[in-house]
Every structure is written in structure tokens, then in C-alpha cells.
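Encoded as C-alpha cells, the structure appears first; notes follow it.
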Amino acid sequence: MQTVGTSHPQASCPVRSRRLKNYWEPIYNPGDDGEFFISDWAIDNKEYHRSRLGANELYKSRKNGRIKFEKVIFFKCDFTGNFLSRKNKLEFANCQFDCCDFGYSSWKFAKFKNCEFHACSISMSSFDEVQFLNCIWKKIGFSGNETKIENIIMTNPEEFINSGYTNLDEWVLKQLGTENEYQQMRLEKTKAKMAKIIRNSLENQGDDDAYYEAVKVYLNQIIIYKIAKVKYYANKGGVINHLFCVLKLISYMIEKCIINMSGFVNAWGQSIGRPILTGIVIVLFFAILYYWLKIFTSCQRSLIASGEITLLVGYTKYAFKGMGKLKEILLALNMFAGIWWYSVFIPTVINRICRVR
């Protein structure tokens, strides 16, 4: 691949140590000891290869007006400096970033639209009031502590979080004295932190769909991290520790199932209509069971009983000592379904009315 545009060999600098030493980063390549060149951001350049792209050089070459890069390929590039100019309105549209390092760069008022990021690192970087619209994310390195994100707009936070990367190459990890399970646990913890940051950032930015998707990712990622942590420590002790970890793992799996069922019902807090429909389905389902199993003799009475028990106002009316085991089990299941439905429906209504974004 050839570099298009102008570079300055006399201004060359050694490749960053991050690419040689940070084994957990997607840009890690200890065999790549070549040099990067400071680019002048040529206007007609459609491809940057092994370039050091500085903010100072950008604003020197594009002093006034809007700065837009469209269908440009950035391959193994390092972005450095403060890309903070509101005046220039920096935008990247339909661009491709491969093996790029955004570390030690700051971005504000920039827009990335329909861009693809592959094997890039945004650790040690800062994004404030930046837009990521319909971008594709694959193998992204980020840090829950060092990646600073505030007031951004991101249309697909789930894809971004799921793209989180760490090196799991067994040979590399063995050479460096660490374990696959440990790296996986650290990655899931980082993704949980980043999911929370993205959720907080989208709370007052962007559209509702992106925000509630971020809520979904955050709630799931917390449990995923807990599961990874339990798996890592399961074999670090004796039999008792192992059994204790197994019980915790089962509890986390149940928790994940319940949270996702509840999230599906109310669209992660976005919908009131879906919980109402779910309540109707619960009532009809148990009414059919009551009539089919002859718990109650008529369709009307079965429907009324199911409705009253689901709404938790009729359980004591229909439950009594000495009733058959089948009826006892069905009424209990109906009551628990009603409790779960209440716990989803009522908070959803309150949040939608009292906590408008």
C-alpha cells in the first residue's frame, strides 16, 4: 500500500511504544518497528498510510471553513493533538480507520458519519460533544479509566461496547505471565465501565432509541462481568470455593434471564404499551388454563379469576385450605406472574411520567 499525499521524512518519528509494548491493545504489533511520518493533510489525499496526523498540521493546512474528509482510508495512523475547533466543523464521512491509534488526542465538535473503525485504539483519548452516527465498530481498544467520553451522540452503543478488544493469544499471554481468563475478566470489567459512561453521556444527548439501547447494554454488561469474574476465581481455591462460585454463577444466569425478560417487556424503559399487552396476555393465558383444566366451570369466571389474581386483588379470594394441588400451583404461578408484571409496569409508568430525559 502506498502513501498518497505528502509526508516529511525529515520529520519522521519512531513508532509509538504502545504498538510495541501494550499487548492488550488491537494495535499491538511488536514486529513492526518502522517509522511514521508527519503528514501535511493534503486536500486531495484519499489514503493515509503509516502517518502521524497532528491537529496543529491539520488546522495550518485548513485554516478556514468546514473541514470534511469523505471516503478516505486511514491505515496504521496515529492521531495526535487537540482537534477542538468549533469554527472548522471537522467531519469524517464514509471513512475507514484501520489499525489507527487515537491515544493522546482530544476531539470536540467533530462528527464521524458512516465510518468504519477496525482494530483501532481510543485508549488515552478524549471525546467531548462528538457525534458517531451509524459507525461500524470492530476490535476496539478502550479504557474505562483513561478513555474520556462526555456529551457524545452515538447511534449504536451496543455494537460499540461489544467491539471491545483485548489480546487473548495464548502464546503472547504465556510469554507475559498472564492468563486468558484474567484478560477476559479485565475486558468485561472495562466494557461494563464504558457501558456506564456511554449511558450517562446519552442520557441528555441523541435520540431515545440510542439511550435505551445503552441502558440495555449497561445492565447486561454488569452481569457479564460478574460471570467472567466468577469463572476466573472458580479454580483459585478448594472444593468449597468452587461450589460457592457455581452457586453464584447460577444466580447470575437467573438474574440475567429475568433482567432481559423484563427489559424486553418494557423495551428497557421506553414503552408503556408493551407492558400493558403483556398483562393482557398473562390474564388470557391463565384464564385459558383455568377453563381447560376445569379449575373454574365457565369462561367468564376463569377470565375474572385470572384478572383478579394477576392484579393481586383476588388471590386470597380464590385460595383456601384444602384446595387441590393443581389449583394451588396454578394460582401461585398466576400470583407470581402478577407480581413480576407489577414490578415492571408500575416503575415504567412512573419513570416515563416523572423522569423525562
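Here is how the numbers come out for the structure above:
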{"read-out": "Selection count where residues are of a type in the set (Ser, Thr, Tyr) and touching a Lys or Arg at 6+ places or on another chain (Cβ under 9 Å), scope segment 186-222", "value": "2"}
{"read-out": "Helices (runs of 4 or more DSSP H) completely within segment 276-357 that count 2 or more residues being acidic (Asp, Glu) and closer than 30 Å to Val215 by Cβ", "value": "none"}
{"read-out": "Matching entry among Ala214, Ala228 (being outside the structural domain of Gly141 (by TED's automatic domain parsing), touching a residue at least 40 places away in the same chain (Cβ under 8 Å), small (Gly, Ala, Ser) and closer than 23 Å to Pro347 by Cβ)", "value": "Ala214"}
{"read-out": "Residue within segment 105-112 that is more than 16 Å from the chain's Cα centre (by Cα), surrounded by fewer than 21 Cβ atoms within 10 Å (Cβ to Cβ), aromatic (Phe, Trp, Tyr) and at positive phi present", "value": "yes"}
{"read-out": "Answer from Thr155, Thr147 - the residue that is buried (at least 21 other Cβ atoms within 10 Å of the Cβ) and not acidic (Asp, Glu)", "value": "Thr147"}
{"read-out": "Candidates Lys321, Lys248 - the one that is under 25 Å from Val217 (Cα atoms) and basic (Lys, Arg)", "value": "Lys248"}
{"read-out": "Top-ranked residue of segment 158-192 - restricted to ones that are among the basic types (Lys, Arg) and within 23 Å of Ser126 (Cα to Cα), ranked as surrounded by the most Cβ atoms within 10 Å (Cβ to Cβ)", "value": "Lys191"}
{"read-out": "Extreme residue, farthest from Ala337 (Cα to Cα), among residues of segment 267-281 that are over 19 Å from the mean Cα position of the chain (by Cα) and polar (S, T, N, Q)", "value": "Ser271"}
{"read-out": "Check on Gly144, out of contact with any Phe, Trp or Tyr (no Cβ under 9 Å at 6 or more places or on another chain), over 20 Å from Leu20 (Cα atoms), part of a loop (DSSP other than H, G, I, E, B) and of a type outside the set (Ser, Thr, Tyr)", "value": "yes"}
{"read-out": "So Leu331, is it surrounded by fewer than 14 Cβ atoms within 10 Å (Cβ to Cβ) and not assigned by TED's automatic domain parsing to the domain that holds Glu203", "value": "no"}
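The values are calculated or read from the model by the stated rules, or taken from the named source; none is laboratory data. From a predicted model like this one, the values you see are computed outputs, not experimental measurements. As a convention, Cβ positions derive from the backbone with ideal geometry for all residues, glycine included, and neighbour counts pool all protein chains shown.
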